[in-house]
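S.K.: Dumping the structure here so I can ask a few things about it.
The values are calculated or read from the model by the stated rules, or taken from the named source; none is laboratory data. Keep in mind the model is a prediction, meaning the values are calculated, not measured. Counting neighbours? That spans all protein chains shown, and the Cβs are built from the backbone with ideal geometry, glycine included. Each accessible area value is taken on the protein alone, full model and side chains, heavy atoms only, with ligands, DNA and RNA left out. Shrake-Rupley method; radii C 1.70, N 1.55, O 1.52, S 1.80 Å.
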Amino acid sequence: QVQLKESGPGLVQPSQTLSLTCTVSGFSLTSYNVHWVRQPPGKGLEWMGRMRYNGDTSYNSALKSRLSISRDTSKNQVFLKMNSLQTDDTGTYYCTREKFITTNWFAYWGQGTLVTVSS
Amino acid sequence: DIQMTQSPPVLSASVGDRVTLSCKASQNINKNLDWYQQKHGEAPKLLIYYTNNLQTGIPSRFSGSGSGTDYTLTISSLQPEDVATYYCYQYNSGYTFGAGTKLELK
């Protein structure tokens, strides 16, 4: 079955770089788009960016200067890197897969990984 | 950027009530709208895609409607397990979530 699982450091110091991994199973990264969505504690959801099935990427314009998404198809992993972290980057980070290719319907979600930005 | 406004922010209702949640886009989004349910401590769950299509496994008491800038999620008979925050999400131009409607039991 389709599964996604986020992993990362948990705690990041201000001004440092966040590196997260989304490990997927049950499907191929060359057949589906994977997105990253985050959620500050007690707040709403924010779309961050997308890795398309063909390797193309797109980013939230508000984060574009700090954000990079890449992948390793041989390892079934999608990576998120975001630099210059501040305290308001604290939150739960999710990776999610579309129901069908290029539909933007987020049918499958990881459990999320909590990232705290603090010194 | 397209803004999504959900109302009300908080809704209290009783078991068995018919509940209507609203979502208004700042411009026409051509029905490119989904609804997600998020229970406390859990990842969001897709309920409705492309305005009115029920995701697999979602109870039929959930339904969606709308067009242009105005969209609605309806729960025909509220159940205790429906207590959650509900988000609308547009993907017509960029990707934007609404701020959510928190649904509580009265």
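S.K.: Kindly provide the set of residues from region A:66-106 that are in contact (Cβ under 8 Å) with a residue 24 or more places away in the chain, within 14 Å of chain B (Cβ to nearest Cβ) and in contact with a Leu (Cβ under 9 Å, 6 or more places away or on another chain), ordered by number.
M.R.: Of everything in region A:66-106, those that are in contact (Cβ under 8 Å) with a residue 24 or more places away in the chain, within 14 Å of chain B (Cβ to nearest Cβ) and in contact with a Leu (Cβ under 9 Å, 6 or more places away or on another chain) turn out to be A:ILE69, A:GLY91, A:THR92, A:TYR93, A:TYR94, A:CYS95, A:THR96, A:ARG97, A:PHE106.
S.K.: Quick one: in region A:48-65, of everything that is among the aliphatic types (A, V, I, L, M) and either more than 14 Å from chain B (Cβ to nearest Cβ) or open to solvent by less than 50 Å² (accessible area, probe 1.4 Å) (or both), which residue is farthest from A:LEU29 (Cα to Cα)?
M.R.: Residue satisfying both the conditions and the ranking: A:LEU63.
S.K.: Here's a follow-up. Being aliphatic (A, V, I, L, M), touching a residue at least 40 places away in the same chain (Cβ under 8 Å), open to solvent by 30 Å² or more (accessible area, probe 1.4 Å) and in contact with a helix residue (DSSP H, G or I) (Cβ under 8 Å, 6 or more places away or on another chain) is true for just one of B:VAL15, B:VAL10. Which residue is that?
M.R.: B:VAL15
S.K.: Can you name the residue in region A:36-45 that is assigned to a strand (DSSP E or B) and in contact with a Gly (Cβ under 7 Å, 6 or more places away or on another chain) and is also nearest to the other protein chains (Cβ to nearest Cβ) among such residues?
M.R.: A:GLN39
S.K.: Out of B:ASN92, B:ASN28, which single residue is closer than 29 Å to A:ASN60 by Cβ, part of a loop (DSSP other than H, G, I, E, B), touching a residue at least 60 places away in the same chain (Cβ under 8 Å) and at the interface with chain A (Cβ under 10 Å from one of its Cβ atoms)?
M.R.: Checking each option against the conditions leaves just B:ASN92.
S.K.: Which of the following residues is at pLDDT 95 or above, more than 13 Å from the chain's Cα centre (by Cα), crowded, with 21+ Cβ neighbours inside 10 Å and hydrophobic (A, V, I, L, M, F, W, C): A:LEU45, A:LEU11, A:LEU80, A:LEU29?
M.R.: Exactly one residue qualifies, and that residue is A:LEU29.
S.K.: If you scan region A:90-119, which residues turn out to be in contact with a Phe, Trp or Tyr (Cβ under 9 Å, 6 or more places away or on another chain), among the polar types (S, T, N, Q), in a strand (DSSP E or B) and under 15 Å from B:TYR36 (Cβ atoms)?
M.R.: The one that is in contact with a Phe, Trp or Tyr (Cβ under 9 Å, 6 or more places away or on another chain), among the polar types (S, T, N, Q), in a strand (DSSP E or B) and under 15 Å from B:TYR36 (Cβ atoms): A:THR96.
S.K.: Scan region B:34-57 for residues that are among the hydrophobic types (A, V, I, L, M, F, W, C) and either within 11 Å of chain A (Cβ to nearest Cβ) or in contact (Cβ under 8 Å) with a residue 60 or more places away in the chain (or both) and jot them down.
M.R.: Within region B:34-57, B:TRP35, B:ALA43, B:LEU46, B:LEU47, B:ILE48 qualify.
S.K.: Ok, one more. Can you pull out the residues in region B:31-54 that are part of a loop (DSSP other than H, G, I, E, B) and surrounded by 15 or more Cβ atoms within 10 Å (Cβ to Cβ)?
M.R.: B:LYS31, B:ASN32, B:ALA43, B:PRO44, B:TYR50, B:THR51, B:ASN52
S.K.: Mind counting the residues in region B:70-95 that are polar (S, T, N, Q) and touching a Cys at 6+ places or on another chain (Cβ under 9 Å)?
M.R.: 2
S.K.: Still on this structure, I have one more. Go through (1) open to solvent by less than 50 Å² (accessible area, probe 1.4 Å); (2) over 11 Å from the mean Cα position of the chain (by Cα); (3) among the β-branched types (Val, Ile, Thr) and name the single condition B:THR74 misses.
M.R.: For B:THR74, the failing item is (2).
Here's the yes/no breakdown for (1) among the basic types (Lys, Arg); (2) farther than 30 Å from B:ASN30 by Cβ; (3) in a loop (DSSP other than H, G, I, E, B):
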{"site": "A:SER15", "(1), (2), (3)": "no, yes, yes"}
{"site": "A:PHE27", "(1), (2), (3)": "no, no, yes"}
{"site": "A:TRP47", "(1), (2), (3)": "no, no, no"}
{"site": "A:ASN54", "(1), (2), (3)": "no, no, yes"}
